Every structure is written in structure tokens, then in C-alpha cells.
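Structure, as C-alpha cells:
The values are calculated or read from the model by the stated rules, or taken from the named source; none is laboratory data. What you are looking at is a predicted structure, and each value in this text was computed from that prediction instead of being measured. Virtual Cβ from ideal backbone geometry, glycine too; neighbours counted across all protein chains shown. SASA here: full protein model, heavy atoms, side chains in, ligands and nucleic acids out. Shrake-Rupley method; radii C 1.70, N 1.55, O 1.52, S 1.80 Å.
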Amino acid sequence: SKNPRVLTLSPPLDMSPKWFKDFPAYTMAKYNMSMLVVGHAAEFAKWGIAVNGLWPYTVIETAALNMIESEKGRPNLRTPDIMADAALEMIRKPASFTGNLCIDEVVLREAGVRDFAKYALTKGIKDEDMELDGFLSEADHARVHMLRAQHKARL
């Protein structure tokens with residue numbers, strides 16, 4: 001490819017014990033994927049291959065989630081479209097954009113997207129009422145809140 005990319009669905013690294021205390025094996029599996037992003041980005045840079053990770057800021061309605069009976073029909077989720085749009089933004093970046101662990105909403109807001117209502121599974125649910133995904137640090141939340149405030153100020 002003239003523009004080779006690897007994009008992994010993996011979270012930002014936050015070593016807070018709260019992520020390890022209840023599900024250490026699951027957390028380790030997710031974080032291993034993130035560490036591989038960082039390692040592969042360094043390893044493959046000499047060939048111009050960009051390697052990045054992407055993680056949702058909110059819970060995404062997926063087929064896997066819908067397999068759990070108690071999880072069906074939750075109104076405060078986003079559609080998978082947000083991850084697809086964020087992935088597209090990321091693969092459009094130059095090969096020098098590599099080794100990053102990104103959050104979907106941050107990627108899109110920084111790309112100029114203002115309308116996040118289109119990603120709501122249930123119309124009318126506000127951004128601040130969406131259910132947040134796991135593995136996000138206080139710094140991640142602060143960044144999203146800052147970007148949301150900046151975008152509201154521009155409207």
C-alpha cells in the first residue's frame with residue numbers, strides 16, 4: 001500500500017487500580033493490545049507503517065453487547081458509526097501520526113465534527129447523558145469536556 005495503516009481497538013493506558021480490581025485478566029488483555037500499538041508503531045516506522053489505537057468515549061451498541069439480555073435496549077449508547085468515522089479520520093492522517101491511543105470523540109471533535117446527535121442510538125439523548133466506556137482516565141474526561149465546551153462556544 002502507498003499509505004499502510006494498522007488500527008487496533010484498544011484503550012488509552014491508565015494504570016489506575018480501579019481497572020484491575022474486578023477484571024484483571026480482561027484489563028490485561030485490553031492493555032496488552034494498547035502496548036502492542038506502541039511497540040508496533042516503533043517497529044514498523046522504518047517502513048512508513050502507521051499503527052494506532054482507537055477507543056470509544058461512550059458505550060457503543062454492538063452485536064456482542066446485544067447478546068447479553070440485560071444489556072439490550074439501553075437508550076444512552078452510541079451507534080458504531082462514530083467509531084467508523086473516527087477510524088476514517090485517523091487513517092487519513094500522515095504516516096507520522098503513529099503510536100497514538102485515541103478516543104473517538106476527541107478525534108472527531110479535533111477534526112471539526114460538531115454534530116454528535118447523529119451518533120446517538122436514541123434520538124434526543126444529550127452527549128452528557130451517554131454512558132461512558134471504561135478505561136478512561138480523569139485526563140481523558142477533562143479533554144473531552146474542554147473540547148465540548150469549545151465547540152458549544154463556537155455555535
Open item on the list: Under a crude label model (7 Å from the Cα following the beta-carbon direction), how far is Ile68 from Lys123 in nanometres?
Closed with: 2.9
Task: Candidates Glu110, Glu138, Glu128: whichever shows maximal mean-square fluctuation once the chain is modelled as a Gaussian network with Cα springs under 10 Å - done: Glu138
Open item on the list: Cut-off under 21 Å on the C-alpha distance; same-chain residues fewer than 8 positions from Lys18 excluded. Which lysines are left, in chain and number order?
Closed with: Lys30
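Please give the net charge around Ile91, taking every other residue with its beta carbon less than 13 angstrom from that of Ile91, where Lys and Arg add +1 and Asp and Glu add -1. Intermediate values should be presented prior to the final figure.
On the way: positive: Lys2, Arg5, Arg92, Lys93; negative: Asp85, Glu89.
Net of charged neighbours comes to +2.
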- [ ] Rank Ser137, Ser34, Ser70 by mean-square fluctuation in a GNM of the chain with C-alpha springs under 10 angstrom and give only the top-ranked residue.
- [x] Ser70
Open item on the list: Among Gln150, Leu132, Cys102, which residue has its Cα furthest toward the positive end of the charge dipole of the stretch 80-155, with +1 on Lys/Arg Cβ and -1 on Asp/Glu Cβ?
Closed with: Gln150
TODO: Express in whole angstrom the spacing between the alpha-carbon centres of the stretch 1-74 and the stretch 90-116.
DONE: 15
- [ ] Check the straight Cα-Cα distances from Lys72 and name the aspartates and glutamates below 19 Å, setting aside those fewer than 8 residues away within the same chain.
- [x] Glu61, Asp81, Asp129, Glu131, Asp133
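Pick out, in residue order, every one of the trypsin sites (Lys or Arg not before Pro) in the stretch 31-136 that is DSSP loop and has at most 14 other C-beta atoms within 10 Å; say none if there are none.
The qualifying sites are Lys72, Arg92, Arg114, Lys123, Lys126.
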Task: Computed helical MRE - 222 nm, the chain, DSSP H runs ≥ 4 contributing -39500 (n - 2.57), nearest 500 - done: -12000 deg cm²/dmol
Open item on the list: Give the residue list of trypsin sites (Lys or Arg not before Pro) in the stretch 1-40 that are DSSP loop and have at most 16 other beta-carbon atoms within 10 angstrom.
Closed with: Lys2, Lys21
- [ ] Report, ordered by chain and residue number, the lysines lying within cross-link reach of Lys152, taken as a straight Cα distance under 23 Å and ignoring same-chain residues fewer than 8 apart.
- [x] Lys118, Lys123, Lys126
- [ ] Send over a whole-number figure in Å² for the accessible area per residue of the chain, probe 1.4 Å.
- [x] 57
Open item on the list: Under the 0.36 nm per residue contour assumption, what length would be gained going from the current alpha-carbon distance of Asp22 and Leu88 to full extension?
Closed with: 20.4 nm
TODO: Could you order His151, His40 so the one with the most accessible surface comes first? Probe is 1.4 Å.
DONE: His40, His151
